[in-house]
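Beneath this line is the structure, given in structure tokens, with notes to follow.
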């Protein structure tokens, strides 16, 4: 079986096992540019049907992508690196629809792929065909360090990947008479998810030819995504300015998977990192290539430092900031559609919300969709068609799905001037609403003006040793104590990162989260008398302290507790918190991971504070943690 198939079926960890018994030759860059013609089959025309939609939902109509297209493949030389010292070639495919001509030029779309994939992956091919069928010229490419493209993996760094993307626009789109131009140059939109989403906003901040971006399941600040800290630093106006925290809680499982997958690319004929290092002539890179074959050395050093100490040094923070949208948002002024998965433990809803709120604060046109899926084996639900779940879909299928249609409407609005494509500012998937069974799942999406709605939120007060009391009830002063074990083990279990989703590993999907006795405190509300739709980002204010004089580390979680007593961790989400030793003793404000969830009548909400989690780098020194309850210790559940 080809290695590329192993990657798609087994995921990063299974791939490493497969590679142990696989010998793969080193990649060779062909200097020959190939041209391949292909004809896209037109979608079968259907008449739009009038469908009953739930109140407050976002109704979208079925589309009809009928344009044929041809494809042109080419290896394109680019110069990248901090000084332009890296010379590589990128593997590209250009989709040219039949309606694009010198007389009728069409807008262009630029797209790359998720981590470990290529331009030929399902997510890219499905999206490119769909957009070409709707008349867009689509340029897809394999990012540096993967597939038939040269170079090393650089995490969508502005110093590398953004430079490469700009040169692809220069060389493949700018000269074409069949691509729409104006006074600013070629008219380009961008789309992509995960790794393919991470570079879009840094590119838009630097290239005025980019007019709009559709950004899927990706990061706001990579420092937060890989080394998260959900503590709200004083002065943070949104509670989501994650870069204000110097240290976080290293997301060990997820990061280790990506680190391993990136370093195995050369063994899978992916990229040309070792050869590129030799070509640049950097003796340090050449000497370290054996232990860091897929990345440049500073990234490997960052990983080694975090793995060994749990702390990020200043050089690592600066390096990762160069690959973070948050660093460049002040220069982004193009309309942005954000699409983020509710079950995503790699890039959670807080990532997208941080971007949404900052752009909205600056009056940049922005909208956000919280869909059902996410990284780790969560395939989108029927009628959604999230492009990044690994499923190859036809144009006809995507013409009838909510997420693909919302993206198309957005692009049409901002690139073609088609009215009505902005949609609601905020929409979110409601798993408690039944899908009609055909067409877009729009009835399952609720809408709101913004993700924050304080008037609909409920603030509970921590009471006694284990209760949450509702507004208007008198809390009891008290405390709850739990311990952090020496070495941070044994640890609570919430998921096996990348392998707990039902499409990734059905057996692991059935393994429930579990807490370690003595290592957590739990506070539970009274039963809800009527349904409570919690949509947004929960928050807490805790009077919490520890005894060992070091940084205080804990994980905050929200559970749904059924009348039977069975407790379910909502989307397996956790919010790591790290309080600097100098700030311990002061009230701690924090944001939990966002979600959209209905608490049914008779169900209760439970706030759990745990000292450990198997996914993360836990505090290694034994500790005793105390939470004081009563007035001043609160938990806020957002509502719509």
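The values are calculated or read from the model by the stated rules, or taken from the named source; none is laboratory data. Note that this is a predicted model, so its numbers are computed, not measured. Quick reminder, even Gly has a Cβ in these numbers, built from the backbone with ideal geometry, and neighbours come from all protein chains shown.
Is there any pair linking a residue in the range 622-636 that is closer than 13 Å to residue 459 by Cα to one that is at pLDDT below 95 and surrounded by fewer than 16 Cβ atoms within 10 Å (Cβ to Cβ), with Cβ under 9 Å and at least six apart or on different chains, and which?
636/454
Do we have residue 280 as surrounded by fewer than 19 Cβ atoms within 10 Å (Cβ to Cβ) and either at positive phi or touching a residue at least 60 places away in the same chain (Cβ under 8 Å) (or both) here? Break it down into steps so the answer makes sense when it comes.
On the way: surrounded by fewer than 19 Cβ atoms within 10 Å (Cβ to Cβ): yes; either at positive phi or touching a residue at least 60 places away in the same chain (Cβ under 8 Å) (or both): yes.
When the stated conditions are applied, residue 280 passes them.
Taking the options 610, 564, 633, name whichever one is within 30 Å of the chain's Cα centre (by Cα) and modelled with pLDDT of 95 or more.
Values: 564 fails: within 30 Å of the chain's Cα centre (by Cα); 633 fails: within 30 Å of the chain's Cα centre (by Cα).
Answer to the selection: 610.
Pull up the range 540-583, narrow it to residues that are in contact with a helix residue (DSSP H, G or I) (Cβ under 7 Å, 6 or more places away or on another chain) and farther than 27 Å from residue 431 by Cβ, then point me to the one that is surrounded by the most Cβ atoms within 10 Å (Cβ to Cβ).
Applying the filter and picking the extreme gives 551.
Answer yes or no as to whether residue 70 is in contact with a strand residue (DSSP E or B) (Cβ under 8 Å, 6 or more places away or on another chain), in the same structural domain as residue 412 (by TED's automatic domain parsing) and modelled with pLDDT of 95 or more.
Yes: the conditions hold for residue 70.
Please state which one of 155, 172, 139 is touching a residue at least 40 places away in the same chain (Cβ under 8 Å), part of a helix (DSSP H, G or I) and in contact with a strand residue (DSSP E or B) (Cβ under 9 Å, 6 or more places away or on another chain).
Details: 155 fails: part of a helix (DSSP H, G or I); 139 fails: part of a helix (DSSP H, G or I).
Sole residue among the options that is touching a residue at least 40 places away in the same chain (Cβ under 8 Å), part of a helix (DSSP H, G or I) and in contact with a strand residue (DSSP E or B) (Cβ under 9 Å, 6 or more places away or on another chain): 172.
Just to be sure, is residue 443 in contact (Cβ under 8 Å) with a residue 12 or more places away in the chain and assigned to a loop (DSSP other than H, G, I, E, B)?
No; evaluated as a whole, the condition is false for this residue.
Considering only residues that are buried (at least 23 other Cβ atoms within 10 Å of the Cβ), under 21 Å from residue 296 (Cβ atoms) and in contact with a strand residue (DSSP E or B) (Cβ under 7 Å, 6 or more places away or on another chain), which ones fall in the range 218-270?
Matches in the range 218-270: 262 only.
Okay, residues lined up against (1) over 21 Å from residue 190 (Cβ atoms); (2) touching a residue at least 12 places away in the same chain (Cβ under 8 Å); (3) buried (at least 22 other Cβ atoms within 10 Å of the Cβ); (4) touching a strand residue (DSSP E or B) at 6+ places or on another chain (Cβ under 6 Å):
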residue: 66; (1), (2), (3), (4): yes, yes, no, no
residue: 76; (1), (2), (3), (4): no, yes, no, yes
residue: 80; (1), (2), (3), (4): no, yes, yes, yes
residue: 84; (1), (2), (3), (4): yes, yes, no, no
residue: 87; (1), (2), (3), (4): yes, yes, no, yes
residue: 102; (1), (2), (3), (4): yes, yes, no, no
residue: 108; (1), (2), (3), (4): no, yes, yes, yes
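Could you please let me know if residue 92 is touching a strand residue (DSSP E or B) at 6+ places or on another chain (Cβ under 6 Å) and either closer than 16 Å to residue 199 by Cβ or surrounded by 24 or more Cβ atoms within 10 Å (Cβ to Cβ) (or both)? Talk me through it step by step, then tell me what you get.
Values: touching a strand residue (DSSP E or B) at 6+ places or on another chain (Cβ under 6 Å): yes; either closer than 16 Å to residue 199 by Cβ or surrounded by 24 or more Cβ atoms within 10 Å (Cβ to Cβ) (or both): yes.
Yes: the conditions hold for residue 92.
Going through 475, 471, 502 one at a time, which residue ends up being in a loop (DSSP other than H, G, I, E, B), crowded, with 17+ Cβ neighbours inside 10 Å and in contact (Cβ under 8 Å) with a residue 12 or more places away in the chain? Spell out the reasoning first.
Details: 471 fails: crowded, with 17+ Cβ neighbours inside 10 Å; 502 fails: crowded, with 17+ Cβ neighbours inside 10 Å.
Within the list 475, 471, 502, the selection yields 475.
Name, by its number, the condition in (1) modelled with pLDDT under 95; (2) on the phi > 0 side of the Ramachandran plot that does not hold for residue 217.
Checking residue 217 against (1) modelled with pLDDT under 95; (2) on the phi > 0 side of the Ramachandran plot, the one that fails is (1).
Based on this model, can you work out whether residue 303 counts as touching a helix residue (DSSP H, G or I) at 6+ places or on another chain (Cβ under 7 Å), without any contact (Cβ under 8 Å) to a residue 60 or more places away in the chain, part of a helix (DSSP H, G or I) and within 24 Å of residue 119 (Cβ to Cβ)? Walk me through how you get there before you give the answer.
Values: touching a helix residue (DSSP H, G or I) at 6+ places or on another chain (Cβ under 7 Å): yes; without any contact (Cβ under 8 Å) to a residue 60 or more places away in the chain: yes; part of a helix (DSSP H, G or I): yes; within 24 Å of residue 119 (Cβ to Cβ): no.
In short, no.
Filter the range 505-515 down to the residues that are touching a strand residue (DSSP E or B) at 6+ places or on another chain (Cβ under 9 Å) and surrounded by fewer than 18 Cβ atoms within 10 Å (Cβ to Cβ) and list them by number. Lay out the reasoning, then the answer.
First, pick out the residues of the range 505-515 that are touching a strand residue (DSSP E or B) at 6+ places or on another chain (Cβ under 9 Å): 511-515.
Selection gives 511, 512, 514.
How many residues does the range 224-252 hold that are assigned to a helix (DSSP H, G or I) and over 30 Å from residue 150 (Cβ atoms)? Walk me through it before giving the result.
So the first thing to find is which residues in the range 224-252 are assigned to a helix (DSSP H, G or I), and the list is 224-226, 242-244, 252.
Of the ones still in play, those that are also over 30 Å from residue 150 (Cβ atoms) are 224, 242-244, 252.
The qualifying residues number 5.
Matching residues to (1) outside any loop (DSSP other than H, G, I, E, B); (2) crowded, with 17+ Cβ neighbours inside 10 Å; (3) in the same structural domain as residue 594 (by TED's automatic domain parsing):
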residue: 352; (1), (2), (3): yes, yes, no
residue: 358; (1), (2), (3): yes, yes, no
residue: 368; (1), (2), (3): yes, yes, no
residue: 381; (1), (2), (3): no, yes, no
residue: 391; (1), (2), (3): no, no, no
residue: 400; (1), (2), (3): no, yes, no
residue: 405; (1), (2), (3): yes, yes, no
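Name every residue in the range 162-178 that is buried (at least 24 other Cβ atoms within 10 Å of the Cβ) and in contact with a helix residue (DSSP H, G or I) (Cβ under 8 Å, 6 or more places away or on another chain), in order of residue number.
162, 165
Restricting attention to the range 197-211, report how many residues are crowded, with 23+ Cβ neighbours inside 10 Å and over 10 Å from the mean Cα position of the chain (by Cα).
Within the range 197-211, the subset crowded, with 23+ Cβ neighbours inside 10 Å is 197-204, 210.
Now restrict to residues that are over 10 Å from the mean Cα position of the chain (by Cα): 199-204, 210.
The total comes to 7.
Picking from 130, 146, which residue would you name as being in contact (Cβ under 8 Å) with a residue 24 or more places away in the chain and in contact with a strand residue (DSSP E or B) (Cβ under 8 Å, 6 or more places away or on another chain)?
Criteria check complete, one pass: 146.
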